[in-house]
Structure formats: structure tokens, C-alpha cells
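Below you'll find the structure, written out as C-alpha cells, and then a few comments.
The values are calculated or read from the model by the stated rules, or taken from the named source; none is laboratory data. Because the structure is predicted, anything quoted here is derived from the model rather than measured. A quick note on method: Cβ atoms are made from the backbone with ideal geometry, for glycine too, and the neighbour counts reach across all protein chains shown. Accessible surface areas use protein heavy atoms only, side chains included; no ligands, DNA or RNA. Shrake-Rupley method; radii C 1.70, N 1.55, O 1.52, S 1.80 Å.
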Amino acid sequence: MFALITLDKKDFLEWMRSIEAKWQKRWKEAGVFEPKAEESKVKYFLTVPYPYTNGPLHIGHGRTYTIGDIIARFKRLTGYNVLFPMAFHITGTPIIAISERIANKDAKTLDMYRSYISSYVEDREKVEEILESFKDPLKLATFFAEKVQSDFEALGYSIDWRRKFHTGEPIYNAFVTWQYNRLRKLGVVAKGEHVVTYCLLHKQPEGEDDIQDADVNPVEILEYTAIKFKLEGSESSLLASTLRPETLLGATNIWVNPEAEYVIVEFNGERLIISKKAWVKLTHQHVESDIRILGELKGSELIGKTVESPLGQKLLVLPAAFVDPGNATGIVYSEPSDAPYDYVALIELKANPHLLGAYGVDGRVVENINPIKIIEVLGIADHHAKAVVEKYGITSQLDDRLEEATREVYKEQFYNGKLIVDHPDFKGLSVPEARDKMKKKLISDGKAMVFYELNRRAFCRGGGEIIVAKIRDQWFIDYSAPWWKDKTRNLINERLEIIPPKYKKAFQDVLEWVEKRPCARKRGLGTKLPWEPDWIIESLSDSTIYMAFYTIVHKIREYRIPPEKLIPTFFDYVFLGEGCAEEISKETGIPVELIEEMRKEFNYWYPVDHRHTGIPHISNHLTFYLFHHTAIFPEDKWPRIISLNETVIREGAKMSKSKGNVIPLRDIARNYSADLFRFYIASAASLDSVLDWKQKEIELVLDGLYRFTNTMLQARSIEGEIPSDFYGRWFASKFRKIISDSRKSMELLEVRDYVQKAFYHVMNLIEQYRDLVGENYLKAVKYISEDWLIMLNPVIPHLTEELNELLGGGGFLSISEWPTGSRYWEDEESEVLVDSLFALVEDVRKILEVLKKPATKAVIIVAPEWKREALRLYREGKGMKSIIEELKSNYNLRGRELEIVETVQTFSRNPNEDVFKTSSRREYEVLQYSVNFLERKTGLKIEVLWEDEARARGIPRSEKAQPLKPAIYVD
Ligand SMILES: [Zn+2]
């Protein structure tokens, strides 16, 4: 045992680490987090998505899992039978891609994985051996799965590890096989032509999970309208793309990038000019057509030429640096009235017309090009693009803020814009109506086509460029089926609780736009598509209802049921109650009782009461989680609560491998401590704020835990009851309130507030009590110690278990009960009166500051009861006249009407409900009782008088005494 009280902080941290390992071992040996299905107990099934095991996890992941664990532990203390399981996700291509790079001796990958392994394994030879084994993707996946488990254990997570599995295991494959057979019967899995994100390097569709940063910066497929502009004197057309085809009505010219490479291609019998990069995309979006390159040219060669638009406008081709050959077709038309980019490019060219000389074009041609107003938005008289560009102060077409300006105009016009053109087909239409109409018209006339492009440049984790491709014969899930959307909409709108509630809108939005989505690939780890086994179900599609598997997987293992017996009818019965247990037993050889037992387990634990994860999961995983549940399970098995937390940054900067500022979870138990980490994560930010990891703040948290621990240990040998005087009653009553307030905060998942109350508010309370009573304060600490430790157990489980034991408590705090608080006095009057003592000390100090002369004595003057009575009457709504009358008849106040008026007026300026919880007699008693305390805190001789006594002695301003605001006279 360390002699704790004399420990310095460095040793304290080491001591924390040593007790953490000890308690983790004890919890494990006693199986305290391995719940049984017990009908008599109310269950709480909490899940956090299983981690992807292609490498070690870092503190960003740690935030989500720690919050999950704090919730699990809190629910356990409030009487629930909590199931908190965990598994590992290995599905898809990323792990295979790493294995391949390791097999190919890719130096960067080898270095990275060598360093990952070295953080767990010391022996250098062993490290190389393990690295070598990673050529087998399953070895890589299971190595990190094991390490993630040990990291989680080292953080004290209360996980039931009997239920762990990974998504490459045959028993899991059997489960997903069942799921996909069900989905296919429902008609939501189909094969067909599909637009997908596609990797040019790996030549296959790749989704969010494969694309770099797609979880934080989503990749979306946009549908451009590519419009043909006939080049005069040629058979070719320039293909200019736009997201706003209605603006063709206001087109003034064409922009090309003079430096970019363009090609003339033959496409369906037509000759089109597009950027060379666009050609690659076009071939992937029209695999059925043979798109040949007929010739190449530089953008500069097109400048000065004239084209004719589908509406018959004759337009000049002009140069613009902002045109990106890598975006859509690499050519745009200019509509400077509504497009900020076009407006700025035009202004720049007008200011430097001589630049056109380089292309053999007379600079004067730009003089006649002016924005044409075609869209009216109420409140904007000028050209909309001009107004916004001037507001932002943008002067260059390469200014990044043009993106934001564009979005602003687009949004405003989308909702509030009206077409004010002469064209009979478009006049008076709203912007979205005009957009759809123009697009349909141009396409049906053969004057335009759809061109797909991403909302941003994107690369896969293996470095391949991602484009949009159209795939034939792709298996996809059709989330747009109306019956399915209706059911899921009903779940989100009517049933599901989302915390913090502000994220509900995001769920509703995703629900409306989600459509078809590829669900299988030709490569990767995972489960084969049951009816076409050369396809593998991809990672966002095999992770939607696996929480159901947690409810029975430990039984499958316990009874060693082999995967081939886990046939679809088995799951039909266990999860849906369909079919007949006897027949399934006959077919599989699994005993009927066992099948019934698993059915019971599922029925007890399901649905998932609560799923907690990070905000980036809303648009993919969580949405699919909801959809698949509504498709497969009856309503009473649908998810109930989803809660979310924001991400983690470090010292103000995003964490990234390239910056080298990532803190792996592995380092927490080694360089910090589990409880220190947990406490910091819980207290540093509310769930909906980004958590900025700051070393300085962690030191402060460590200080706090150190003080807390020492206070507890000092109280260890204290004997005797807490006195029932004003102070003892004040302390107990305040603590009683904190018990219920901190519980309320946790129930609302205001985890930060919970730590503020349960830890810092109690620490302050103890400090104040010490101020009042001196060293006797430890009696109060001892008095609350057990309850206080329980309240803090969810956030610092190891430290609280240890202190409980050191203070003589037995058993596991982690499975005890949240205190009811009923053993503490409930005494609001003492709370208010002792609180106001501290306020009084502050008031005296302020007076001394203003006085600037040495003082020796202060008289505290207490207001008489009639003043409280006046305020009571005022609060009842009585008028001043009747207040005065009533008081004059009950008290002897003749000639003191003005004082009554002043008392009421002072109060009405700054009403304080606490006044009505107290009596004047008690106020006087507490002050008398506290003369010592007041003298100690102010350094003055203190005398407490009733107002009437003070007046009789002629002490000035005595009549200013108010209820809870005694008058202070300093001598
Ligand atoms: Zn790729």
C-alpha cells in the first residue's frame, strides 16, 4: 500500500493505474458485467457500433465508447439489468487492401503497421513475425480485434465479452445470410443499372467506408445537366455542364480553361468537346457506348469562337481560370446575374480586356457582355450574384469564398426565386420548377444529357481516384420503396427518441433522400450473397441488425452449435417466432429446449433500447440500422433511443496520421489513467460540442482527482455523526439535492452537467462546510462517502471501487444502487439561510474595499417579520394600499408607510423567491449562530441586531435591512 496522503501527484497517477488493473481483474473474475435474461428485472440493452479492426483505435473513438460505458454503468446503478456487448467489424475491402500492400512490401504500409504492432509487442523479432502474418487479412483483423478488446478492458468498459464475435465468422455469415434472404423476399434487394462511386485504380464500386474522410466529409453524387452548344463552322458541340439549367435563359458566354486539355469525342453519332478528364468519366457512365477520341486540343484554341445555344443564343467562348477541367465536363456557360463565379470572372476580364489579345481576340468584345436579370428574389433589386459578391468583398475568381457565395444565392433562389423572362414556357415559374422543366425539355429535344459528378474530389484509402460510374447488374438495396420509407418515417417521427433532439432533422432529411444503394461487391471479407455467392455483402449493409445476434451468440458458443445448423428457419423462429421449434429441431439436431431458450433470450433483450455513436454515422449506418429494423422486425422490436456525440480534436487541431498528433487508446492506460481519461472525456465538453483535448486541462482534472482522493482518505478514520445544527442540515440537504439533480442530468444524457454536479458541486460544498466548521468537516465527508462514491462510479469506476473498499465498504460499487437520498435531512430553510451567509461575507468584503479605511467592527441588522409579510402580500397580488392597511393594523407601523413602500419596491426590482422559504426569526438565529464564522471570514468584530434594536441605538441606515439582505453597518 502506498502512503497515499503523502504521495506526490506523479506517484498518485501510478497508484491509479495499479488499482485500475486490479479492479478490472476482479470484475472479470466475478463476471459482474455478464447479465442473464431475468424476467423479473427491467432490461436495458445498450449498444455502440462495433469498431472496424484495420488498426488501433484512438481517443476520438474512445470518446464515443467511453460515453457509452458511462451510460451503461449509470443505468445499472439505477436498477436496470444492462446488456452492453461488443463485437468487431472486418467486412469489406480495406483490410484486404492493407494485406495486399504488406504482401507487396509497400514501404509506407510496412512502416505504419510495424509501428502499430510495436505499440503492443516489444520483442522486435515477434513484431516482424506478426507483420509477416498480416499477408493474411484475417490474421490482421483478428490481431487488432484482440488489441481493441484489451484497450477497452484497460479503460474499464463494462462490456459482456462472452458475446463478442467478428463479422468474418461462419456463425455471423449464417445470420447475415438469413437477413438477406428475408430482405430479398420483401423485394428490396434487386439487381440493375446503378450509379455508384467507383474507384479508377481498383476498378470497382467503392463506398463511404473505402473513401478517405468520407465519414466526416460525405461524398455525394450530383446530377449535372450537360448542354450542347453548337460550335459555328464545325460539326462539333461544346458540352457545358450546370446544376442550374434554368439559368441558360440568361447565358452570356462560354467559359473554358485556356490551360486545360480538351478532346473531341464521338458519342452516339455526335461530336462533343469536353475535357480529357471528363472523357474518362463519360466512358464509365456509358459503358454500352464506344466513345472514341477523334482529336485533342488546348482550351486556348477554343477562345474567341462562337457557339449557338439550344435556345438560339450566339455566345462567345472566353477564358476563365476558375473552370476546373476535373469537374463535370470541364466547360461551363456563363450566367453572371445569378452565378457568383461567372460574375467575378466577367468583372476581371472587363478590367483586363487586353488579356484576350494573347488569343487573337479583340478585347472590345467584352464591353457588350452584361449580366441579364432572369430571376427575381424579393428584396434584391440588383443582380443577385453582384449583391452577394460585393457583400463578401470578393474580387478574384480563385477566391474560396465563392463556394459559400454560390451556396447562398442558390439556397435563396431555390426557395424564393421567380423567373422574370419573356419566354412563355418559363415566365413566372419558381426556380425549382424552371430547373426541372428546362432539364426535361433539353434532354427530350436531344440538346442535353445527364452527367454525374461528385460534390468533391475523392480518393479511396488505397489512393485510387473516385468517380461516378454507371454499373449494370449491380446488386443494390432499394431504400426508396414507398412502404419501407413510410414505416421508417413513422419510426423516426413517432417513436424514436434522438438525443440531443436537434439531430432529428438530419435523420428526417436522410430518410427522404436515400434511394438505391449498392449492397454487395465482388471483393472483400464478409458474407456471400446467398443466391449469387460471387458477391460479398459490403460493410454498411451487413451491420444493420447485428444487435439481435448479440442476444444469442453466447448460447451458440456455449452449446457449440456449428454454423451449418444455423439455417434460415432457425433464425425465423428465434427472432420472429415463425415456424415450429420441433421441426427445426428435427432438421438441425438442435434440442427444442435450446431453440426455445434462445427465443426467450431474444424476446427478453430486444429491442435495442439505446444505441450511442458519433454524429458522422447519421447519414449512413444509423439510417440503414433503422430501415433494416422496420423491414425485418415487428414494431415492438424497433430501436428506441439513439444518442450522439461530436468528434475530438487536439489542442485546436484536427487529429491526423500525417500531423502525427493522434493519441492511440493504447497510450491512455499507459501514459494517463483510465479514470483520468474517462473523467476528462465526460467533463470537457457536452455531447453536441467538439471536444478539444488539452493537456493543461487534463492536469487540472488530475489535480481534482488527487484532492478528491485525499479528502476521502482523510475521512477514513473519522468517527462520530455529523451535527444536526444549521450547518449540518444545510450540508445534508444540499447534498440530497445534488443526488437527484445529477441523476436527472444523466437521465437527459447531459453527461458534462452530471460530472459538474456530482463531482465539482460536492467538492465545493465540502470546501464551504470546512469554512463553516473547520477540521470537523471530515465527519460530513464520511457521512456522504458511500453515496458520493456510487454517484461518481459511472465516470471513475476504478477509483470509486478502491476508495469504497478502503473506507470499509464491501462488494462491488459497480453493481450497487444509486442513492435515494432519503437518509439526508431535507431543509430548504437552512439551505437558503446558510447560502446567504456566504453572500453576506462577500457583501462585507465589498464594503471594506470601498471604505479603504481600516475597520474593526460590523453590525449586521436583520429585517423584522413585517417586511416578509409585506412581500408575501405583494406576491399574493395585493395593491400597495391594501398592503399598507393590513400591515398597519397587524403591526405597530403608524407613520412608517414609506418604509413599507420601499421594502416592496426594493423587492419588486429584484424578486427572490427564497425569501418565502425562510422566517425572520430563523434568519436572525442563523446569523447569531454564525458570529464566529463571520468574524473569521471578515476579520471584524461582528454584532447581530434586530432592526428595531439598531434603530433604538441610532445606527444609520438600519431601516435598509431587507429579508435575506441584512443591512450592514461597518464601524
Ligand atoms: Zn480503390
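Just to confirm, what accessible area per residue do you get for the stretch 247-402 at 1.4 Å probe, in whole Å²?
Values: 6650 Å² over 156 residues.
Value returned for the stretch 247-402: 43 Å² of accessible area per residue.
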Original post:
From largest to smallest, what semi-axes in whole angstrom does the stretch 690-780 give when each is the square root of 5 times an eigenvalue of its alpha carbon gyration tensor?
Top reply: 27, 18, 10
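Report the charge-dipole magnitude of the stretch 41-200 in Debye, nearest 20, computed about the Cα centre from +1 at each Lys and Arg Cβ and -1 at each Asp and Glu Cβ. List each step's numbers first, then the result.
Working: 22 positive and 17 negative charges, 205 e Å.
Approximately 980 debye in magnitude.
With a cap of 11 neighbouring Cβ atoms within 10 Å, and only residues DSSP puts in a loop, list the GluC sites (Glu not before Pro) found in the stretch 279-348.
Values: sites: GLU288, GLU296, GLU301, GLU308, GLU348; in loops: GLU288.
Sites meeting the loop and neighbour criteria: GLU288.
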Original post:
If you line up the long axis of helix 170-185 against the longest principal axis of the chain, both from Cα atoms, how many degrees apart are they, to the nearest 10?
Top reply: 70 degrees
Original post:
In degrees between 0 and 90, to the nearest 10, how far off the longest principal axis of the chain does helix 107-118 point, with axes built from Cα atoms?
Top reply: 20 degrees
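Average projected area of the Cα convex hull of the chain, in nm²? Intermediate values should be presented prior to the final figure.
On the way: hull surface 216.7 nm².
The directionally averaged projection comes out at 54.2 nm².
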Original post:
Looking at the stretch 574-693, what % of its DSSP beta bridges pair antiparallel, to the nearest 5?
Top reply: 10 percent
Subject >> In sequence order, calculated HN-Hα J values of the stretch 119-131 (Karplus, 6.51, -1.76, 1.60; Hz; x Gly/Pro) >> reply: 6, 10, 10, 8, 4, 5, 5, 4, 4, 5, 4, 5, 4
Subject >> Sulfur and carbon atoms: percent of accessible area, the stretch 720-852 [1.4 Å] >> reply: 46 percent
**OP:** For the stretch 305-311, take each phi angle, set θ = phi - 60°, evaluate the Karplus expression 6.51 cos²θ - 1.76 cosθ + 1.60, and give the result in whole Hz per residue in order, putting x for glycine and proline.
**Re:** 7, 10, 10, 10, 7, x, 8
**OP:** Calculate, for the stretch 142-227, the solvent-accessible area per residue in square angstrom, rolling a 1.4 angstrom probe over the heavy atoms of the protein chains.
**Re:** 36 Å²
Original post:
Relative to the Cα centre, what is the charge dipole magnitude of the chain, using +1 at the beta carbon of each Lys and Arg, -1 at the beta carbon of each Asp and Glu, and rounding to the nearest 20 debye?
Top reply: 640 debye
Original post:
Considering amide H positions built from the backbone, and no H for Pro or chain starts, which residues 5 or more places from LYS941, or on another chain, come under 5 Å of its amide H?
Top reply: LYS857, ALA858
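Determine the dipole magnitude for the stretch 641-759: charges of +1 sit on the beta-carbon of Lys and Arg, -1 on that of Asp and Glu, nothing else is charged, the reference point is the Cα centre, and the result goes in debye to the nearest 20. Can you show the working numbers first?
On the way: 19 positive and 16 negative charges, 50 e Å.
It works out to roughly 240 debye.
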Subject >> Value in Å of the Kirkwood radius, where the stretch 227-356 supplies the Cα pairs that are averaged >> reply: 14.8 Å
Original post:
So how much accessible area does HIS423 have, in Å² to the nearest 10, using a 1.4 Å probe?
Top reply: 60 Å²
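Enter the per residue convex hull volume of the stretch 689-738, computed from alpha-carbon coordinates, in Å³ rounded to the nearest integer.
Numbers: hull volume 5.7 nm³, N = 50.
Here the figure is 114 Å³ per residue.
If each DSSP helix of 4+ residues adds -39,500 (n - 2.57) and the sum is divided by the residues in the chain, what number results at 222 nm, nearest 500 deg cm²/dmol?
On the way: 34 runs with 426 residues, N = 971.
Computed ellipticity for the chain at 222 nm equals -14000 deg cm²/dmol.
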Original post:
To the nearest 10 square angstrom, what accessible area does TRP693 show with a 1.4 Å probe?
Top reply: 0 Å²
Subject >> Value of D in µm² per second that Stokes-Einstein yields for the stretch 1-112, Kirkwood Rh from Cα pairs, at 4 °C (1.567 mPa s) >> reply: 72 µm²/s
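Hey, what did the chain get for relative contact order, percent, Cα under 8 Å, at least 6 apart? Could you put the intermediate results ahead of the total?
Values: 1613 pairs, mean separation 132.3, N = 971.
Rounded, it is 14 percent for the chain.
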**OP:** Can you spot the lysines whose alpha carbon is less than 21 Å from LYS147's alpha carbon? Ignore those fewer than 8 places along the same chain.
**Re:** LYS22, LYS25, LYS28, LYS126, LYS135, LYS139, LYS164, LYS657
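Just list whichever of LYS191/LYS437; LYS411/LYS516; LYS737/LYS852; LYS447/LYS505; LYS10/LYS654; LYS43/LYS502 have alpha carbons separated by over 32 Å in the model shown. Present the calculation step by step, with values, prior to reporting the outcome.
Working: LYS191/LYS437 30 Å; LYS411/LYS516 26 Å; LYS737/LYS852 40 Å; LYS447/LYS505 38 Å; LYS10/LYS654 29 Å; LYS43/LYS502 27 Å.
The answer is LYS737/LYS852; LYS447/LYS505.
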Subject >> Rough spin-label spacing in nm, given labels placed 7 Å along Cα→Cβ, for GLU129 and HIS423 >> reply: 7.3 nm
**OP:** Return the long-range amide H neighbours of ILE641 (sequence gap of 5 or more, or a different chain), with a cut-off of under 5 Å between placed amide H atoms.
**Re:** GLU497, HIS610, ARG611
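May I ask you to compute the full-extension gain from LEU222 to ILE718, defined as 0.36 nm times their residue separation minus their alpha-carbon distance, rounded to one decimal in nm? Walk me through the intermediate numbers first.
Values: separation 496, 0.36 × 496 = 178.56 nm, distance 7.07 nm.
Value of the extension gain: 171.5 nm.
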Subject >> Karplus-derived HN-Hα couplings along the stretch 590-605 (A = 6.51, B = -1.76, C = 1.60, θ = phi - 60°), whole Hz, x at Gly and Pro >> reply: 7, x, 4, 4, 5, 4, 5, 4, 5, 4, 5, 4, 4, 4, 6, 7
Original post:
When we measure straight from the Cα of LYS298, which lysines land under 24 angstrom away, once same-chain ones fewer than 8 places off are left out?
Top reply: LYS228, LYS230, LYS276, LYS277, LYS281, LYS314, LYS350
Original post:
Given a 1.4 Å probe and the protein chains all in place, what does the accessible area of MET880 round to, in Å² to the nearest 10?
Top reply: 60 Å²
**OP:** Over the stretch 404-450, calculate the relative contact order: mean separation of alpha carbon pairs under 8 Å at least 6 apart, over the residue count, as a percent.
**Re:** 24 percent
Original post:
Expressed as an acute angle from 0 to 90° and rounded to the nearest 10, what is the orientation of the C-alpha long axis of helix 401-416 relative to the principal long axis of the chain?
Top reply: 90 degrees
Original post:
Measuring from label point to label point, each 7 Å out along Cα→Cβ, what is the GLU897 to ASN671 span in nm?
Top reply: 7.7 nm
**OP:** For the stretch 347-398, just the Cα set please: Rg and Dmax, both in angstrom.
**Re:** 13.9, 42
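With the cut-off at 1.5 for a/c, could you classify the stretch 804-863 from its C-alpha gyration tensor as rounded, prolate or oblate? Kindly include the intermediate steps, with their values, before the conclusion.
Values: a/c = 4.85, a/b = 2.63, b/c = 1.84.
Here the stretch 804-863 falls in the prolate category.
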Original post:
Per residue, what accessible area does the stretch 31-120 have, given a 1.4 Å probe and all protein chains present, in Å²?
Top reply: 32 Å²
**OP:** Treating cross-link reach as a plain straight distance, find the aspartates and glutamates whose alpha-carbon is under 20 Å from the alpha-carbon of LYS694, omitting any fewer than eight places away in the same chain.
**Re:** GLU646, GLU651, ASP667, ASP675, ASP703, ASP753
